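Right, one structure below, let's go through it.
The values are calculated or read from the model by the stated rules, or taken from the named source; none is laboratory data. Being a predicted model, the structure only gives us computed values, none of them experimental. Here the Cβ is made from the backbone with ideal geometry for all residues, glycine too, and neighbour counts use every protein chain on show. Accessible surface is based on the protein model in full, side chains and every heavy atom, while ligands, DNA and RNA are left aside. Shrake-Rupley method; radii C 1.70, N 1.55, O 1.52, S 1.80 Å.
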Amino acid sequence: MGKEESPQLGRRSTRSSVSTPSTAKKSHSLPLTVNDLVNGNESLSLEDLISSFPGRRNQILELFRLLGPVNSQTFPIFVYGGSSTGKTSTVLELFRHWSRPLVYSSCITCHSSRLLFESIIDQLSLHKKDASNDYSSLKRCEKPSDFVNLLREALLSIISNLKLHTEKESTKSRRVSGSIVYLVIDNLDLVREWDNSSTILPFLFKLYDILKIPELTMIFISKASPDTYYSDTGYIEPISVYFPNYSEDDLRQIFMRNQENPKLYSSFLELVLRPFCRVTRRIDELSTAFSPLFKKYCEPLTELGVSPNEEIKRKLYSHLQPYIAPSLNDVFRIQYRNSTKVETKKSRDKMVGSQSLDGIDFHMSISAKYLLVSAFLASRNPATLDATLFDSTGGSSNRKRKRKSSVKSIEKKEISEQEILMKGPGTFPLERLLAIFQCITSVYGDYIDEEEQRNEEMTIGSNELMSDVLLQVSSLCSANFITKGASCPLEGSTRYRSTVTEDLALKVARSIKFPLAKHLF
């Protein structure tokens, strides 16, 4: 724990699942009170709350409307949106503004149903893990039925204490506001990876109906949409609040906050923000990419406090330009973590005869490899050249059109190539991906040896393979080799983008003996 002598403990320190043993005496440890259910020690005004989250004004006001004034009863709320869109931060800061009792549990730290149940019970029971109790939970809880009984008992007790606290304390000295208990379960989408997810997810959604305690309000936070959790078990459908991806203007406001030299950083954002927004709009990924780029951008400057004019901007741009394209590729570099689950999967793959090909340290079916290569080509090549690059001869007819290029045409080609690199990988519809996939498999499918065909139990270009394509596309999206983008307003269909680097695409192409360079623009 933190410093146990302090009269008020922060919410994070009192609710951490694993703590460092304190050197203080056990007798100095103060018991928790209902005030420890408040998020933060300082109140936050509504204007400060809205200004702290650019682009989230509508979501904040929507949560204000749904949760209502103090002691307002409401149905469960489902907050969802993509990664790094401010869902958790907005909700926690909202309760800091209200000073209402909050119980927060994340499925990242509580990576099993037992840890999740015990975390909620400990907070409601005002139980603090320390050396006096060997940093253990108040009660062991594994079964949902036991959790319901313990949760009902803890809720009724804490609600009674909150009402008594409201009656005794004056308005000025009271920290906690109201007697409604808000239970927030964050990262709900991770529950789908648990072994008992088929029973735990419906149970969590039905918990409000099971308890029938009006002083309880449940808030779920998830990256996945509500459609992912639909089931036929029957429960009150939560009220959805969607957090969309940040717009380019929102990202500019976020990155411009607390900058020592706003004019210098603004000129930097004019160069990098638009091309990177075509690739990703996640704050964490952009901040990781922008930090080294901004250092490179400032290298020609002798003073960081200078206000750049047009001449300085051109000089800084010329210095930064060679580093932008490699940084765009680094955004999509997949990090392989040596977790226990990954090591177990590798061992299992070796047992069944799965071997890495040309440096690929993961198993992938042949159809998935062709789809990955097809997606890479669709993202890198202009759609207008598909008919030329993927004709019936596999692109070999391009040799007929070779002729001596003039100096101007060479310069024009180099400029166009630089523009393509600056823009980053493009998006494509599903129909174009399938068309490229069918073209390259019909020409190069014969290069796969008979042993690989037996292992995959399919033949490239057959009807059995084509019936499996949509499932393979879904698998590649789940593995983040391909990402889904927003629907095109003109086409009305979902667009996709390849997220693999050129090195990985070349390795995959070599493993299936596909000449990738021959089909790249």
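What net charge do the residues around residue 497 carry, taking every other residue with its C-beta under 10 Å from that of residue 497, with Lys and Arg at +1 and Asp and Glu at -1? Show your work: numbers first, answer last.
On the way: positive: 278, 484, 495; negative: none.
That sum, taken over residues with Cβ under 10 Å, equals +3.
Would you kindly find the accessible area of residue 441, with a 1.4 Å probe and non-protein molecules such as ligands, DNA and RNA excluded, rounding to the nearest 10 Å²?
Surface open to solvent at residue 441 totals about 10 Å².
Can you tell me the order of 73-82, 297-306 when each peptide is scored by its average per-residue count of other Cβ atoms within 10 angstrom, highest first?
On the way: 73-82: 18.6, 297-306: 12.1.
The packing order, highest mean first, is 73-82, 297-306.
How high is the FRET efficiency between residue 89 and residue 470 when r is their beta carbon distance and R₀ equals 45 Å, given to the nearest 0.05?
Values: r = 36 Å, r/R0 = 0.80.
With R0 = 45 Å, the Cβ-Cβ based efficiency is 0.80.
Skipping prolines and chain starts, which residues have an amide H placed within reach, meaning under 5 Å, of the one on residue 496, given they are 5 or more residues away or on another chain?
428, 485
State the Kirkwood hydrodynamic radius of the range 83-132 in Å, one decimal place, computed from all pairs of distinct Cα atoms.
Working: mean 1/r = 0.0793 Å⁻¹.
Mean inverse Cα-Cα distance, inverted, gives 12.6 Å.
Any idea how far apart residue 480 and residue 71 come out in nm if each label point goes 7 Å out from Cα toward Cβ?
4.7
Starting from the residue with the highest accessible area, list 265, 242, 235 in decreasing order, probe 1.4 Å. Don't skip to the end; give the middle numbers.
Details: 265 20, 242 115, 235 50 Å².
My answer, sorted largest first, is 242, 235, 265.
In whole Hz, with x marking every Gly and Pro, tabulate ³J(HN,Hα) for the range 323-329 from phi via Karplus 6.51 cos²θ - 1.76 cosθ + 1.60, θ = phi - 60°.
Working through the residues one at a time gives 9, 6, 4, x, 5, 4, 6 Hz.
Whole percent per 5 Å bin, from 0 to the bin with the longest distance: what is P(r) over all C-alpha pairs of the range 128-231?
2, 9, 16, 17, 18, 16, 12, 6, 3, 1
What does the charge count near residue 241 come to, summing +1 for each Lys or Arg and -1 for each Asp or Glu among other residues with Cβ under 12 Å from its Cβ?
Its environment carries a net charge of +2.
Please compute the Kirkwood hydrodynamic radius of the range 82-177 from all pairs of different C-alpha atoms, in Å with one decimal.
On the way: mean 1/r = 0.0651 Å⁻¹.
Computed over the range 82-177, the radius equals 15.4 Å.
Which value, to two decimals, describes the C-alpha radius of gyration of the range 167-306 once divided by 2.2 N^0.38 Å? Show your work: numbers first, answer last.
On the way: Rg = 23.0 Å, N = 140, 2.2 N^0.38 = 14.4 Å.
Its radius of gyration relative to the 2.2 N^0.38 Å reference: 1.60.
Could you run the Karplus curve 6.51 cos²θ - 1.76 cosθ + 1.60 with θ = phi - 60° over the range 43-59 and give me ³J(HN,Hα) per residue in whole Hz, x for Gly and Pro?
Computed from phi, the couplings for the range 43-59 are 6, 9, 6, 5, 5, 5, 5, 5, 5, 6, 10, x, x, 10, 5, 5, 5 Hz.
Going by average Cβ density within 10 Å per residue, which order do the peptides 266-278, 246-258 take, highest to lowest? The partial results should precede the final answer.
Values: 266-278: 17.8, 246-258: 15.1.
Most protected by this proxy first, the peptides run 266-278, 246-258.
Which of the pairs 263/295; 87/263; 139/163; 129/163 have their Cα atoms more than 18 Å apart in this structure?
On the way: 263/295 15 Å; 87/263 30 Å; 139/163 25 Å; 129/163 26 Å.
Checking Cα-Cα distances, 87/263; 139/163; 129/163 exceed 18 Å.
What is the range 63-211's relative contact order, in percent, from Cα pairs under 8 angstrom and six or more apart in sequence?
On the way: 133 pairs, mean separation 48.6, N = 149.
For the range 63-211, the relative contact order is 33 percent.
Would you please give the FRET efficiency between residue 384 and residue 304, computed as 1/(1 + (r/R0)^6) with r the Cβ-Cβ distance and R0 = 60 Å, to the nearest 0.05?
Details: r = 44 Å, r/R0 = 0.74.
Calculated value: 0.85.
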